[in-house]
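Please read the structure below before turning to the comments.
Here, each number is a calculation from the coordinates, and none is a lab measurement. In this text, all values refer to a predicted model and were calculated from it rather than measured experimentally. Cβ atoms come from the backbone with ideal geometry, glycine included; neighbour counts cover every protein chain shown.
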2 protein chains.
Amino acid sequence: MTNIKEIAQFAGVSVSTVSRVLNNHPYVSPDKRESVLQAIERLNYTRNINAIHLSKGKTNLLGIILPFTNHPYYGAIVNGITKQANAIGYHIVIFQTHYEREKEIQALNMLQMKQLDGIIVCSRISEMKVLLSYQKYGPIILCEDTAQAELSSISIDHYAAFSCALEYVIAKGYTKIGYSLGRKKSRNSYLRTKAFNDIMTKHQLMNNQEWLFEGSYHIKDGVQLFQHWSSLPNKPEAIIITNDDTAAGFILTANKSGIRVPEDVAILGFNNDSLSEMLDISTISLPLEWIGKMAVELFENPGIIKHVKLDYALIKRKTV
Amino acid sequence: MTNIKEIAQFAGVSVSTVSRVLNNHPYVSPDKRESVLQAIERLNYTRNINAIHLSKGKTNLLGIILPFTNHPYYGAIVNGITKQANAIGYHIVIFQTHYEREKEIQALNMLQMKQLDGIIVCSRISEMKVLLSYQKYGPIILCEDTAQAELSSISIDHYAAFSCALEYVIAKGYTKIGYSLGRKKSRNSYLRTKAFNDIMTKHQLMNNQEWLFEGSYHIKDGVQLFQHWSSLPNKPEAIIITNDDTAAGFILTANKSGIRVPEDVAILGFNNDSLSEMLDISTISLPLEWIGKMAVELFENPGIIKHVKLDYALIKRKTV
């Protein structure tokens, strides 16, 4: 079997240059790259990259587990991951799971099989113990608030961010307040719900279970949320909506129906997307691209388990 | 070196079951999967998946070259690719290039190195000859209109779609018409420009070079496009905008500035995103998810070079 030394000798370059070419390292001169690729071709080496991975135990592939790619929240995190991964010579393998357990297991199995060097879990359905059982095969980074001693994590303090949102709405004089979530079962939803209950109790405000809405992901979910809100005999006067896309869908549908925001119903979103800026939606800005970048940095340092929390900011606009 | 037969023997299952587990094939009973994984563990086989790839020449990874993931157009194509790829047991490796040549070459090199079984090129900057030089290493599928005999392609007839858009705007009585593109140099832009020139000439309408706008990708580009339009002493009365996101940015900024659409300026978009539906933007519907699905089908049949064209539809709403 041809080895790297032979290629280096044939190409007239150093072994480390061959290694850089094989790993798609950016800092190789075009001439040297060409010589190496020609040597590989001549020595019929092309099928052997997996043998190199075998000996190195590295593929320079980083798996990303996420429910949807086609969404501003995950899109922004993936952007951050991609930028940082590219900077360290890694490529990303996307596992779009739609929250199916099987898809997450496929990614974890690929980590076990050394097809991936690590995994970043943006959002998950699998239990923590499942993730922990794969931890010995390579770094698994969680994009969620956790105190797990075995896995590094990067997160926003969703409890504090939601509390900030709710305190702002209450300070504006609203008392009949509802909120919407993606899935009730997620860690983020748990924290948002806890914050809601705590703050409402603190202010002695009524916590109406009818005003907890679910399934808010995309702009079209905002249309449904508006219709749901419209159909309620007893309506909340303000809704804290899980993300700006859904908030935008709500507000645009409200406008068409002659319902005024914030006069008839106040809306506060999350994320601070371009769309929220365009529509003057009050929102909580979340540093999503930074989550992605930091997740890759945590992956780079598997020896040190860290739990990093990033900051948020209240953006006051015109919908509360 | 442990081989598949030994694992099968140890686990008490067939060789094909081991193969299915190694390839993350969905149809394996949990019990058998567990036995195989235990055997792998016991035989210290985990580092050897790349050796299997070496012997099979397959990794079940499909590369996708695209400029941005965080965009409805590519997001929808990626969704289609992911669905179809998952259905045939493939995972996707994303190469987000921002139109940097180097990034495209990295993907192509991974095809050469057999780290990828094929590549779908959603949009590119590299010359066709570069792609052709890698074609011997595995199927490369183009999501663009091409008559290349060596590579399969899936596309929308952008010339016809743009012509349809322009004829509609002209039929509505507009004569001072501009249009916006992403990059001038892309194949799609070439076809849209050709359609524009042909149809305008046919109707003996003035083709004002000042009314060709560039750099239209995201919602914020629509803000700039509006500012550019506002600053022109001689303004077009209608603009065909490269995608709904940019059209939305234009329209929302126009609304804030007291400019009425379509009374002061008519706008037609492309894609038929949720956002265009919400904002009643007239648009050309493009079957983006189908492009993704069909691209994977073409990848599955590398022996047959095909050029598939998908249909478009004019969606009449309120902005023209």
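Sorted from nearest, the other copies put their A:SER230 label points 3.2 nm away, the label point being 7 Å from Cα in the direction of Cβ.
Relative to the Cα centre, the charge distribution of chain A, modelled as +1 at Lys and Arg Cβ and -1 at Asp and Glu Cβ, gives a dipole magnitude of about 480 debye.
Might you report the magnitude of the Cβ-based charge dipole of the stretch A:158-287 about its Cα centre, with Lys and Arg at +1 and Asp and Glu at -1, to the nearest 20 debye?
440
Near the amide H of A:GLY269, within less than 5 Å, lie the amide hydrogens of A:ILE241, A:SER282, A:THR283, A:ILE284, all on another chain or at least 5 residues away, with H placed in the peptide plane. With kT/(6 pi eta Rh) evaluated at 4 °C and eta = 1.567 mPa s, and Rh the Kirkwood radius from Cα pairs, the stretch A:88-209 diffuses with a coefficient of 78 µm²/s according to Stokes-Einstein. Here the stretch A:149-262 is treated as an ellipsoid with the same Cα gyration tensor; its semi-axes, largest first and in whole Å, are 24, 18, 12. Report the one residue of B:PRO236, B:ALA160, B:GLY89 whose Cα lies farthest in the direction of the positive end of the charge dipole of the protein assembly as shown (charges on C-beta: Lys and Arg +1, Asp and Glu -1; origin at the Cα centre). My answer, from the dipole projection, is B:GLY89.
I want the local charge near B:SER285. Using Cβ-Cβ distances under 13 Å, sum +1 for each Lys or Arg and -1 for each Asp or Glu among the other residues. Around B:SER285, the surrounding residues sum to -3. Relative to the 2.2 N^0.38 Å rule of thumb, the stretch A:233-297 has a C-alpha radius of gyration ratio of 1.31. Evaluating 6.51 cos²θ - 1.76 cosθ + 1.60 at θ = phi - 60° for every residue in the stretch B:286-299, the Karplus couplings come out as 10, x, 5, 5, 5, 4, x, 4, 5, 4, 5, 4, 5, 4 Hz, glycine and proline recorded as x. In chain A, the DSSP beta bridges split such that about 10 percent are antiparallel, to the nearest 5.
Ordered by packing density, taken as the mean number of other Cβ atoms within 10 Å over each peptide's residues, highest first, how do A:64-72, A:125-133, B:259-267 rank? Numbers along the way, then the final one.
On the way: A:64-72: 22.9, A:125-133: 14.6, B:259-267: 17.7.
Peptide ranking by packing, descending: A:64-72, B:259-267, A:125-133.
Sorted from nearest, the other copies put their B:THR201 label points 7.5 nm away, the label point being 7 Å from Cα in the direction of Cβ. Summarising the strand pairing of the protein assembly as shown, around 15 percent of its internal DSSP beta bridges are antiparallel.
Pairs of alpha-carbon atoms within less than 8 angstrom and 6+ residues apart define the contacts here; what relative contact order does chain A have, in percent? List each step's numbers first, then the result.
On the way: 584 pairs, mean separation 55.1, N = 320.
Rounded, it is 17 percent for chain A.
Inter-chain neighbour count for A:80-92: the average number of beta-carbon atoms from partner chains within 10 Å of each residue's beta-carbon is 3. With the label put 7 angstrom out from Cα along the Cα-to-Cβ vector, B:ASP280 ends up 2.0 nm from the copy partners, going from closest to farthest.
Counting Lys +1, Arg +1, Asp -1, Glu -1, what net charge surrounds B:ASP157 among other residues with beta carbon under 13 Å of its beta carbon?
Details: positive: B:ARG187, B:ARG192, B:LYS194, B:LYS309; negative: B:GLU144, B:ASP145, B:ASP311.
Residues close to B:ASP157 contribute a combined charge of +1.
Charges were assigned to the Cβ only: +1 to each Lys and Arg, -1 to each Asp and Glu. The resulting dipole of the protein assembly as shown about its Cα centre is roughly 960 debye. For A:LYS176, what charge total do you get from the other residues with a beta carbon under 14 Å from its beta carbon, if Lys and Arg give +1 and Asp and Glu give -1? Once positives and negatives cancel, what remains is -1. Over the residues of chain B, the helix contribution to mean residue ellipticity at 222 nm works out to -14000 deg cm²/dmol, using -39500 (n - 2.57) for each DSSP H run of at least 4.
Compared with the rule-of-thumb size 2.2 N^0.38 Å for a compact globular protein, chain B has a Cα radius of gyration ratio of 1.23. Taking every DSSP beta bridge that has both ends in the stretch A:229-320, the antiparallel portion is near 30%. Cross-link pairs exceeding 21 Å between alpha carbons, from the set A:LYS176/A:LYS309; B:LYS176/B:LYS202; B:LYS58/B:LYS129; B:LYS129/B:LYS306; A:LYS256/A:LYS316; A:LYS32/A:LYS58: A:LYS176/A:LYS309; B:LYS58/B:LYS129; A:LYS256/A:LYS316; A:LYS32/A:LYS58. Rg and Dmax, both from the Cα atoms of the protein assembly as shown and both in Å, are 26.4, 81. Measuring between their Cα centroids, the stretch A:223-263 and the stretch B:99-130 lie 45 Å from each other.
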